[in-house]
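Asker: Starting off with a structure, shown below.
The values are calculated or read from the model by the stated rules, or taken from the named source; none is laboratory data. For clarity, every value in this text was computed on a predicted model and none was experimentally measured. Because the Cβ atoms are built from the backbone with ideal geometry, glycine has one as well, and the counts that use them run over all protein chains shown. Side chains included, ligands, DNA and RNA excluded: accessible areas come from the protein's heavy atoms. Shrake-Rupley method; radii C 1.70, N 1.55, O 1.52, S 1.80 Å.
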Amino acid sequence: MAFSLALHRLTARPWCLPYSPAFPLSFIRSFALSAAQGEKHLPPRIVIPESDLEENFLKGSGPGGIVIKCQATRSRDQNRKTARRVLAEKLEDIERGPESRSAIKAATKARKKASRAKKSRRKYRALDAAKLDGGDEAGTGEVDPPAAAEHNDHVLHPASADNAVRPAAAAPTGPGVECIATQCAA
Amino acid sequence: MPRLPSRLVAQASQRNPLLALVLRTCRDPTSAALELKWLRDYAVQHCVHTRGNWRPLLFRLCAARSRGYPLQYLLGSEFFGDLEIKCKPGVLIPRSETATAVTHFVNQFNPAAFNLPPRLRVLDLCTGTGCISLLFAHLFPKQRTPVKALQIVGVDIAPEAVQLAEENRRALLDQAAISSLQNLRYIQADLFPPEESQQTSVPSLIGRLEALGQLEWDVILSNPPYISPNGFNRDTSRSVRNFEPKLALVPMAANGLADADHGDVFYPRILEIADQVGGKVVLLEVADLDQAERVAAMALRYDWEGVEIWRDELFSHDDTKYIGRIRVLGTGHGRSVLCWRKAASSWLRRDGESNTTGVASG
């Protein structure tokens, strides 16, 4: 079921052309638009000619070059497709660096995550401030400190409360075996 | 079988006790971890439908696997090319090497061969799960040859195999809507005539084909039982020996045959059938290069125009060599023997390649 794939030579790749100095202006401008529109202009996936590939079913020693091994699924056909995709991504990373599909996607994802985190921080800072105001208004602070602290804990860290729920929801998939699954995927 | 290093077992059981169970049969931590993941996915998926608890089920699956019970019988299927084929105890599990050979075989057909018949008739002998005929029917139309329609019949002596093959055909017809599967059917028959047969209750193939009104066939595919009794005891794994049907692995034959001859029993009979039905191309699976050479020699005696041996890995054409007059393609274990009549040499892009005229002598 498992096999390895190696790139042992490189022929001219026509997909390099759109990134030559003759860059269409519209392409550059699209990056100035929103992220959603920017995603439409991801560079095309590269296709490696079959003649540049060397394929092996995992048994003996592997060939040289960039080698991808893939045995994630039970289907040899599926593993072959995955290995080709992974190899193409790897090659593109090497060739185009920060302009590769995966790098652009990762950058977009990181930007979105940062933006979400920022919004979340802003929201809870506002809630926090409101709660502190509310606590002052209640006024009995010194009399019952443990109750106030408990109350604050709950409201101030809803994110942690949310986290506490999540593992339980994920439990049916079994954490004990989960760790093996992630190790396999790696 | 050498004992597993206790360090390996300890590491596995520390990660997950079930992993140590699966490791007993897999004997390699990476593949054990993969198998455990597939078993767990299956158990969880199964319990979504039955609303049961997947943990006891997974434990039972792992315990069975630790005794060498085949993964494909536990999960109920195996991938063959890009088809998922159902597997059940009592019917041989399809092997990926066979799928590679069938895929390569279909790729040999020349889209520009205008002497191909509009209706190509294909026999799949000893079909088992039906995997070879199903994959052929699936892949052949993609080759875009002048063939307009396929007519395929799969044959097996075991009733459970015929039933499972038909089940597989229906499942693939429903799921994938592969229209070429409509002209595919499976019949129960014995390849040997009653006087030579070990199982006299099953009607013989030629009789069944006569009853069907179809005695002419173009292509004969077969993965027959080909393991000799010694090979069965010596070379097969515990999983295969204890849990897969021996009927599909070792030919039933009269006593007193030499060991290698016992393993080869089906090949002369299949070549004889190919002659009787006017077959133009034959693809036979074999155990290894030695058996491939013996089968190729038989085929030359039956006057086939071209005979070729294929090994497991057929990626590169640089690996071609010759054993006597016979061309051997690829690297790895000897896997298949291809034979063709003169009429079919252009079907397979093998014009001018002949073993009889000595073009390929080496």
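Asker: Tell me which of B:GLN45, B:PRO229, B:VAL219 sits at the most positive position along the dipole axis of chain B, charges placed on C-beta atoms (Lys, Arg +1; Asp, Glu -1).
Answerer: B:GLN45
Asker: Right, next: Over 22 Å between Cα atoms, which of A:LYS90/A:LYS113; B:LYS86/B:LYS246; A:LYS69/B:LYS37; A:LYS81/B:LYS37; B:LYS148/B:LYS280 qualify?
Answerer: Pairs exceeding the cut-off: A:LYS90/A:LYS113.
Asker: Mind giving me the nanometre distance, one decimal, between the label points for B:SER13 and A:ALA130, set 7 Å out from Cα along Cα→Cβ?
Answerer: Using points 7 Å along Cα→Cβ, the separation is 5.6 nm.
Asker: With only Lys, Arg, Asp and Glu charged, each at its Cβ (+1 for the first two, -1 for the last two), find how big the charge dipole of chain B is about the Cα centre; round to the nearest 20 debye.
Answerer: About 1460 debye.
Asker: Would you list, by chain and number, the aspartates and glutamates whose Cα falls below 12 Å from the Cα of B:LYS342, excluding same-chain residues fewer than 8 positions away?
Answerer: Within the straight-line cut-off, B:LYS342 pairs with B:ASP303, B:GLU305, B:ASP351, B:GLU353.
Asker: Further question on the same structure: Evaluate peptide A:71-82: per residue, the Cβ atoms of other protein chains within 10 Å of its Cβ; return the mean as an integer.
Answerer: 4
Asker: Which of B:LEU58, B:VAL282, B:PHE140 sits closest to the plus end of the dipole of chain B, meaning its Cα is farthest towards the positive end, when Lys and Arg get +1 and Asp and Glu get -1 on the C-beta?
Answerer: Of the options given, the answer is B:LEU58.
Asker: Which percent, nearest 5, of DSSP beta bridges in chain B are antiparallel?
Answerer: Close to 45 percent.
Asker: Give a residue-ordered list of calculated ³J(HN,Hα) values for segment B:157-162 (Karplus: 6.51 cos²θ - 1.76 cosθ + 1.60, θ = phi - 60°; whole Hz; x for Gly, Pro).
Answerer: Rounded to whole hertz, the list is 7, 8, x, 5, 5, 4.
Asker: For segment B:6-67, with only Lys/Arg (+1) and Asp/Glu (-1) charged at the beta-carbon, what is the dipole magnitude about the Cα centre, in debye rounded to 20?
Answerer: Dipole of segment B:6-67, to the nearest 20 debye: 140 debye.
Asker: Please compute the alpha carbon radius of gyration of segment B:6-67, then divide it by the globular-protein estimate 2.2 N^0.38 Å. Two decimals is fine.
Answerer: 1.11
Asker: Using only atoms on other chains, find how many Cβ atoms lie within 10 Å of each Cβ of peptide B:226-233 and report the average.
Answerer: 0
Asker: Cut-off under 16 Å on the C-alpha distance; same-chain residues fewer than 8 positions from A:LYS118 excluded. Which lysines are left, in chain and number order?
Answerer: A:LYS109
Asker: Mean-square fluctuation check for chain B, GNM, Cα pairs under 10 Å: which of B:PHE105, B:PHE232, B:PHE315 is largest?
Answerer: Comparing B:PHE105, B:PHE232, B:PHE315 in a Gaussian network model of chain B, the most mobile one is B:PHE315.
Asker: While we're on this one: Ignoring ligands, DNA and RNA, please state the percent of accessible area on segment B:82-344 from carbon and sulfur, probe 1.4 Å.
Answerer: 49 percent
Asker: Here's a follow-up. Could you work out how far the C-alpha centroid of segment B:235-251 sits from that of segment B:189-234, in angstrom?
Answerer: The two parts, judged by their Cα centres, are 19 Å apart.
Asker: Now for a separate question. Using Cα-Cα distances under 8 Å and only pairs 6 or more residues apart, what relative contact order does segment B:6-67 have, in percent?
Answerer: Relative contact order here is 36 percent.
Asker: Using Cα pairs closer than 8 Å and at least 6 residues apart in sequence, work out the relative contact order for chain B, in percent.
Answerer: 13 percent
Asker: Counting only protein heavy atoms and rolling a 1.4 Å probe, how much accessible area do A and B lose on contact, total for both sides, in Å² to 100?
Answerer: About 2300 Å² of accessible surface is lost on pairing.
Asker: From Cα pairs below 8 angstrom and at least 6 apart in sequence, can you work out the relative contact order of segment B:109-202, rounded to a whole percent?
Answerer: Computed value for segment B:109-202: 31 percent relative contact order.
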